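In what follows, a single structure is set out as structure tokens and then discussed.
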Ligand code: 6PG
């Protein structure tokens, strides 16, 4: 047993075990804690050398085995458990120790915990960790928020274990209080949007182009070698190649079309509504998971209504348009998420650097994509940029691809193929780029029935009209 270990981790599930082994691989000594003896023993065995990686189910032994200030990361399910673990640790901690919540905690919970622990002299970080189990083992993207001064103690470990993009670590101090959890929440909202769009394009290629799974595999693989290069496009390509172990054909065709969710996408949408920032592509991605869950009703309704039989399109031209439409709608989804972050930063005092966030997302996380290098550049060039669509470097990318999105949305509507993510992205684009919208009429209606007043284009002031006279 080592004298004192550099890093502590509570919660030795798959994520926790992988993260701690990653810490040890990078030259730090690490100590794990879990109530489950089996998980403790599994880690000791996998760690190989207890001078490097050790574990216990006893909280006091755990805390007393760590060097000070202690750096204790929690990788436990978000919610009440985080509070229970914190309460268990508290009696053993000293002033200046650091607790890092690496789960997908709701950001207001992080603010509450941070304030509570600050009173006790304990530094609390909410650090989003993205990349799934493999990422935790080989290099995740990490989004920490909390005390800037205390971050100096955590930084060497996080920079060593994180994913690297051209040698640069995919972790950075993002801001005070819940900034890290907030950024991770929006990351997940974007993740929902990109996943929805990827699945719509799959539907289109299958129904309008008659692509087989082999062809889908090849198409997504080819896209992944170009400007659409991203983790989600890459795994989508691999999914189409997967044969079914339990029967004939491909696994993807046997999977029930009901998507589950743990809530982070919904939180992104809910909070965007609170802030008054439109993120319709993320909203619809959440709604589509909800519609997907209504499988029994969908089957019933399918029998009641006639749906047009999709007209087959020329494959090559469809594939090319689909690539453009996906690229267009990916940009719009990132634009919405970044817009939300910019506003949240002002509202919650996070002082977020959007260029830094895009940088942290370039590798390791689920939404990593070649596009993030361009997004990083756009925000580095102008860190006051309100929306990616206002960046000159994105105007060309959008102009080049928007027509394909229009064509496919029209095709989807005529042929009864639901493309809600794509059409929302397009509508968002058309609305955001319209200097004049018809919402003057809404103002007139509000004033008509409720004397809610309106402003005018041609003069200053607040006006009300007696419409009925
Ligand atoms: C990540 C993911 C992860 C998330 C899953 C599942 O960044 O590694 O975002 O944190 O938990 O993607 O999310 P849903 O169950 O809500 O789809």
**OP:** Please go through region 248-264 and pick out each residue that is farther than 20 Å from residue 236 by Cα and touching a helix residue (DSSP H, G or I) at 6+ places or on another chain (Cβ under 8 Å).
**Re:** 264
Original post:
Which of the residues belonging to region 80-109 are more than 18 Å from residue 15 (Cβ to Cβ) and in contact with a strand residue (DSSP E or B) (Cβ under 6 Å, 6 or more places away or on another chain)?
Top reply: 98
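Conditions tested, residue by residue: (1) closer than 19 Å to residue 396 by Cβ; (2) buried (at least 17 other Cβ atoms within 10 Å of the Cβ).
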| residue | (1), (2) |
| --- | --- |
| 309 | no, no |
| 315 | no, no |
| 318 | no, yes |
| 323 | yes, yes |
| 328 | yes, yes |
| 335 | yes, yes |
| 350 | no, yes |
Original post:
Which residues, taken from region 353-377, are away from the ligand (no atom under 16 Å from the Cβ) and either under 25 Å from residue 284 (Cβ atoms) or not assigned by TED's automatic domain parsing to the domain that holds residue 400 (or both)?
Top reply: 354, 370, 371, 374, 375
Subject >> Test result for residue 326, away from the ligand (no atom under 16 Å from the Cβ), out of contact with any strand residue (DSSP E or B) (no Cβ under 8 Å at 6 or more places or on another chain), outside any helix (DSSP H, G or I) and assigned by TED's automatic domain parsing to the domain that holds residue 203 >> reply: no
Subject >> Residue list for region 331-381, restricted to those being within 22 Å of residue 134 (Cβ to Cβ), touching a helix residue (DSSP H, G or I) at 6+ places or on another chain (Cβ under 6 Å) and outside any helix (DSSP H, G or I) >> reply: 361, 362, 364, 366, 367, 368
**OP:** Within region 205-229, count every residue that is without any contact (Cβ under 8 Å) to a residue 40 or more places away in the chain, over 21 Å from residue 415 (Cβ atoms) and either within 16 Å of the ligand (Cβ to nearest atom) or not in a helix (DSSP H, G or I) (or both).
**Re:** 1
Subject >> Filtered residues of region 262-308 (kept if outside any helix (DSSP H, G or I) and farther than 20 Å from residue 409 by Cα) >> reply: 262, 263, 276, 277, 278, 294, 305
**OP:** Return the total of residues in region 184-239 being touching a strand residue (DSSP E or B) at 6+ places or on another chain (Cβ under 8 Å) and surrounded by fewer than 23 Cβ atoms within 10 Å (Cβ to Cβ).
**Re:** 7
Original post:
Do we find a residue being within 12 Å of the ligand (Cβ to nearest atom), part of a helix (DSSP H, G or I) and either in contact (Cβ under 8 Å) with a residue 24 or more places away in the chain or within 13 Å of residue 363 (Cβ to Cβ) (or both) anywhere in region 172-182?
Top reply: yes
Original post:
Looking at (1) within 30 Å of residue 343 (Cα to Cα); (2) surrounded by 11 or more Cβ atoms within 10 Å (Cβ to Cβ); (3) away from the ligand (no atom under 16 Å from the Cβ), can you tell me which one residue 276 breaks?
Top reply: (2)
Original post:
Based on what the data block shows, is residue 417 modelled with pLDDT of 95 or more and part of a helix (DSSP H, G or I)?
Top reply: no
**OP:** For region 368-375, indicate whether the set of residues that are surrounded by fewer than 21 Cβ atoms within 10 Å (Cβ to Cβ) and more than 20 Å from the chain's Cα centre (by Cα) is non-empty.
**Re:** no
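The rows are residues; the columns are (1) modelled with pLDDT under 95; (2) within 16 Å of the ligand (Cβ to nearest atom); (3) assigned by TED's automatic domain parsing to the domain that holds residue 368.
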{"position": "129", "(1), (2), (3)": "no, yes, no"}
{"position": "139", "(1), (2), (3)": "no, yes, no"}
{"position": "147", "(1), (2), (3)": "no, no, no"}
{"position": "150", "(1), (2), (3)": "no, no, no"}
{"position": "153", "(1), (2), (3)": "no, no, no"}
{"position": "188", "(1), (2), (3)": "no, yes, yes"}
{"position": "191", "(1), (2), (3)": "no, yes, yes"}
{"position": "197", "(1), (2), (3)": "no, yes, yes"}
{"position": "203", "(1), (2), (3)": "no, no, yes"}
Original post:
Counting only residues that are within 16 Å of the ligand (Cβ to nearest atom) and in a helix (DSSP H, G or I), which one in region 99-111 is surrounded by the fewest Cβ atoms within 10 Å (Cβ to Cβ)?
Top reply: 109
Subject >> Residue in region 256-271 that is more than 16 Å from the ligand (Cβ to nearest atom) and modelled with pLDDT of 95 or more present >> reply: no
**OP:** Pick out the one residue from 294, 251 that is surrounded by 16 or more Cβ atoms within 10 Å (Cβ to Cβ) and away from the ligand (no atom under 16 Å from the Cβ).
**Re:** 251
Original post:
For region 383-395, how many residues meet the condition of being free of Cβ contacts under 8 Å to residues at least 24 places away in the same chain and exposed (fewer than 14 other Cβ atoms within 10 Å of the Cβ)?
Top reply: 4
**OP:** Restrict the check to region 309-316 and report whether at least one residue is part of a helix (DSSP H, G or I), under 30 Å from residue 125 (Cα atoms) and away from the ligand (no atom under 16 Å from the Cβ).
**Re:** no
**OP:** Kindly list the number of the only condition in (1) more than 27 Å from the chain's Cα centre (by Cα); (2) farther than 26 Å from residue 21 by Cα; (3) in contact (Cβ under 8 Å) with a residue 24 or more places away in the chain that fails for residue 91.
**Re:** (3)
Subject >> Residues satisfying the stated conditions in region 128-149, i.e. in a loop (DSSP other than H, G, I, E, B) and without any contact (Cβ under 8 Å) to a residue 60 or more places away in the chain >> reply: 146, 147
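The values are calculated or read from the model by the stated rules, or taken from the named source; none is laboratory data. Bear in mind the structure is a predicted one, so any value in this text is a computation, not a measurement. Glycine also receives a Cβ, built like all others from the backbone with ideal geometry; neighbour counts cover every protein chain displayed.
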